[in-house]
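Heads up: the structure comes next, in structure tokens.
The values are calculated or read from the model by the stated rules, or taken from the named source; none is laboratory data. The shown structure was predicted, so the numbers you read here are calculated from the model rather than taken from an experiment. Cβ placement follows ideal geometry from the backbone for every residue including glycine, while neighbour counts extend to all protein chains displayed. Calculation scope for accessible area: heavy atoms of the full protein, side chains included, ligands and nucleic acids excluded. Shrake-Rupley method; radii C 1.70, N 1.55, O 1.52, S 1.80 Å.
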Amino acid sequence: MVGATATATEMQNNFGRYLSIVMGGQEVIVTRNGKEVGRFIPNGVAVSYLTDSLTGILKGRSDYESEKEMALRNKYEIAD
């Protein structure tokens with residue numbers, strides 16, 4: 001769940017505020033020049049994300065890349 005969006009400068013200048021948001025279980029989208037450049041996410045989500053990204057490999061799916069991308073987009077609300 002997205003808790004906030006911050007520019008890189010805002011993130012740098014108000015790190016404690018954004019750290020509190022992440023510690024509360026939400027993520028912070030970081031932008032630069034109006035484009036998303038990264039996400040600051042809770043540790044549990046990071047572990048889940050890495051585990052989920054291996055799903056296609058572990059299940060031996062032949063169309064791994066598209067399967068992985070679709071699953072991750074759905075779960076983590078990734079937008080183009």
In region 12-30, what residues are surrounded by 17 or more Cβ atoms within 10 Å (Cβ to Cβ) and polar (S, T, N, Q)? Gln26
Using beta carbons and a limit of 9 Å, which pairs, at least six apart or on different chains, have the first residue in region 1-18 and more than 15 Å from Asn33 (Cα to Cα) and the second one assigned to a helix (DSSP H, G or I) and basic (Lys, Arg)? Ala4/Arg17
Got at least one residue in region 23-32 being at pLDDT below 70 and either among the acidic types (Asp, Glu) or in contact with a helix residue (DSSP H, G or I) (Cβ under 8 Å, 6 or more places away or on another chain) (or both)? no
Among Thr5, Thr9, which is modelled with pLDDT of 90 or more, over 15 Å from Leu72 (Cα atoms), assigned to a helix (DSSP H, G or I) and open to solvent by 80 Å² or more (accessible area, probe 1.4 Å)? Thr9
